[in-house]
Every structure is written in structure tokens, then in C-alpha cells.
Amino acid sequence: MTSASTCLPLVGQPRATRFVETWLAGSEFPPLLFTGPAGVGKRTAALLLAQTANCTDPVRQPCGVCRTCRQVAELSYPDLRLLLPIRKPKPDAKMEETAAAMLDRYAEFALGQSQPVSDTRLKIPIDVVRWLRIEMARPPLLAHRRFFLLVNAQQMNAESANALLKALEEPQSQSTFILTSSRPTALPATIRSRCQTVRFAPIAKDTICRWLTENAGASAADAELAAAMSDGSIGTALRFLENREEFLVAPIVDYFSGRLGSSEAAVVAAIDAASDAPPAAIAGTLLFLYQETLRVRLGSTSVYAQRNPGIIEANLGREAVYLRRALKFLLSRTYEAGTNVNARLFNYSLLTTLKPPDRRRLSA
Ligand SMILES: [Zn+2]
């Protein structure tokens, strides 16, 4: 394999990409530790690396289409093993059962999937590490270079970490370990010191925005808002596009519903209660709520409105013209929300411009 033919299609991570390409062209393969915020491409880079090291295309690696590349992408390649945090096994569970419970999660982590939100209650149990060591003892089935990928490696208890350390200390002529972690300091220093660290930076907003319009079919306004919400993570931006409800800011939902009234005091109270949320999340919340209101106003169904009957109601008395104007206003502020705006001023202007109807007057 030559580095000249390698070009990892990794978005917005030039430094990590250069490192990985150099690493591949070298002759020694120490364990790697990929660090950086969630959703910036750590797992993707690890899978691309496994593809590149084993791709059968003579010219372009990874080609993405050969059998090996496809199997790696869908995590069915026999010489690629992921170790994932799982729910605590029952005390009497056999090692094979615990390993099987983890293998069941593989589909969620395939290449191109936005990774599930990490649940810190899940842990990589000791039996999974024992299973790994049995796998390690066997020669690879097909691969030049076999990969063991530990996703969210910080979610390990001391017992698992000790067993992993022993595995890392065993000579590995054909196997490579890659650990990914958004909180590497939570890993024991003994493990960190055995790995070569590769830092993944948050991805630039413009890069995310362009990627979303070109690859995820997002409209320009959606892409801008999602990029602003993303914290430099394509994974988070995709999750936002898939499920906006997860990103709604509760105090802003309350304000919109009219429950807090529309006085100056209500505006300030809502802004204070939402002070942890970035401006993009405030704009995104209002945008979502106005979109759903307009949908119901025009006679379409809104699953959100059905599930949350008290929230849209107050605004249903508004004319569709008003709702459209509100949406246009919010869309025009979307870009600004992703820049370094003064959060308080920005939020104040949104909330005073889009006051909810006065409920007392409505019910009177
Ligand atoms: Zn290939």
C-alpha cells in the first residue's frame, strides 16, 4: 500500500487526515486514541482507516465499493471488531451472551450513520474485554491488518480498563487498536500513555453547512440552522435535522405557549431560564413551533401538536399571514444565530418581536 493512493474522505479534519495517512504509510502501528467532541468524525476516521488498510482496489484506497470496503462500512467484516458500551449485563450472564448483546448494537454504528447520543450509564463490561482477548488470540481471517475499535472508551470501569491495558501490552503484529473518546482525561493514564493521540477539532460551520446541502438534501436555511446548532459536529447537525424535538429549549416552548404571558417580565424570565442555550437553539425552537402551528392552521397534521396539545393552541388564533411572516423573520435571523452575536440581545429581539397572544384575554 502506498500513501500516494490514499485519500480519506473525511470532512473538515485536515490535520487528523494527514496524520492517519502518514500513519498508514509507516511500518509501525501503535494503538491510536482519537479524541475530540462527539460527532466530529472519530469513528468515521477509524472505519475509513480499516477500509484503507484492507481495500482490494489497486488504485484508490479506500475505494468504498469493493467487498472489503462494503463489509467494513456495514460492520460485517470479520477482522473489524467494535467494542461498545452496553447496558449492565445480568450477574449470571455468560461472556458469550454479553458479547452478543454488544454485537446487537453494531448496526447503530455503521459508517454513514449519525451515531446515537451517547448514554453515559452504558459501560464496556469486563466480559466484552475478555471476549476481545479471545478474538485477539486468533489469527485474522482475511485482513492484512485487523482493527479493534473501542467507541467511547472512557465508558469503562476500572476492571475493564485493567484488562484492556493487558491486551494493549500484548505484542500485536497484525492487530491495531483504535480508541475513541470525547473525554480522554477520564481514561486511565496507563492506557493513554500506550496510545498515540490524534486530536479531532470541531468542524467549521461553513464546512458543515455546505456538507448538509450537498449530502443530506437540506435546504439552505435548514443547513445554516443545523450548522449553528451543531457545535462543530456533523453528527449533531444530522440529528438536529432528523429530530428537532430533541433540541427544543423548554423555557422557550413555555413562553411560546403563552403560559408565561407576554409581558416584559415574561420575556426576561424566559431569557434567563434559557440562558444556557445558544441563540441558534432559541431560534430553532421558535422556528419549529411556528412551522408546526402553520401546518395545523393550514389543516395538515402535526405529530408534535397532537402529542403536546397545550402548546400550539394559543397561537392557532393567528392568521396564516402572520405565521408566515414570523417564519420569514426567524429564517432571516438564522444565519446570525450561528455567528458571534450577543446572545441576550439576540434572544430579547426574537422574543419581543414574536410575543405570544395574551392567554387571559383569549379565555375571557
Ligand atoms: Zn475498497
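The values are calculated or read from the model by the stated rules, or taken from the named source; none is laboratory data. The shown structure was predicted, so the numbers you read here are calculated from the model rather than taken from an experiment. Backbone-built Cβ (ideal geometry, glycine too); neighbour counts: all protein chains shown.
Okay, here's what the table says:
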item	result
Single residue of 164, 142 found to be surrounded by 21 or more Cβ atoms within 10 Å (Cβ to Cβ) and either farther than 30 Å from residue 288 by Cβ or not assigned by TED's automatic domain parsing to the domain that holds residue 111 (or both)	164
Criterion (farther than 19 Å from residue 177 by Cβ, in contact (Cβ under 8 Å) with a residue 24 or more places away in the chain, out of contact with any Phe, Trp or Tyr (no Cβ under 7 Å at 6 or more places or on another chain) and assigned to a loop (DSSP other than H, G, I, E, B)) met by exactly one of 93, 107	93
Any chance residue 87 is modelled with pLDDT of 95 or more, among the charged types (D, E, K, R) and surrounded by fewer than 24 Cβ atoms within 10 Å (Cβ to Cβ)	no
Subset tally (residues that are in a helix (DSSP H, G or I) and within 6 Å of the ligand (Cβ to nearest atom)) for the range 56-74	2
Yes/no for residue 112 being modelled with pLDDT under 95 and more than 20 Å from the chain's Cα centre (by Cα)	no
Index of the failed condition, residue 108 passing every other in (1) more than 16 Å from the ligand (Cβ to nearest atom); (2) surrounded by 21 or more Cβ atoms within 10 Å (Cβ to Cβ); (3) acidic (Asp, Glu)	(2)
Residue 300 vs. criteria without any contact (Cβ under 8 Å) to a residue 24 or more places away in the chain, farther than 25 Å from residue 352 by Cβ, of a type in the set (Ser, Thr, Tyr) and outside the structural domain of residue 343 (by TED's automatic domain parsing)	no
Residue within the range 251-260 that is among the β-branched types (Val, Ile, Thr), closer than 27 Å to residue 208 by Cβ and surrounded by fewer than 14 Cβ atoms within 10 Å (Cβ to Cβ) present	no
So residue 242, is it within 30 Å of residue 144 (Cβ to Cβ) and either touching an Asp or Glu at 6+ places or on another chain (Cβ under 7 Å) or acidic (Asp, Glu) (or both)	no
From 217, 235, residue being under 21 Å from residue 338 (Cβ atoms), outside any helix (DSSP H, G or I) and outside the structural domain of residue 112 (by TED's automatic domain parsing)	217
Residue that is surrounded by the most Cβ atoms within 10 Å (Cβ to Cβ) [pool: residues in the range 26-55 that are more than 19 Å from the chain's Cα centre (by Cα) and within 16 Å of the ligand (Cβ to nearest atom)]	50
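One line per residue, one yes/no per condition, for (1) touching a helix residue (DSSP H, G or I) at 6+ places or on another chain (Cβ under 6 Å); (2) under 23 Å from residue 243 (Cβ atoms); (3) buried (at least 18 other Cβ atoms within 10 Å of the Cβ):
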{"position": "312", "(1), (2), (3)": "yes, yes, yes"}
{"position": "326", "(1), (2), (3)": "yes, yes, yes"}
{"position": "342", "(1), (2), (3)": "no, no, no"}
{"position": "346", "(1), (2), (3)": "yes, no, yes"}
{"position": "355", "(1), (2), (3)": "no, no, no"}
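To keep it simple, each residue is scored yes or no on (1) assigned by TED's automatic domain parsing to the domain that holds residue 180; (2) small (Gly, Ala, Ser); (3) touching a strand residue (DSSP E or B) at 6+ places or on another chain (Cβ under 8 Å); (4) modelled with pLDDT of 95 or more.
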residue	(1), (2), (3), (4)
36	yes, yes, yes, no
45	yes, yes, yes, no
52	yes, no, yes, no
61	yes, no, yes, no
67	yes, no, no, yes
77	yes, no, no, yes
94	yes, no, no, yes
97	yes, no, no, yes
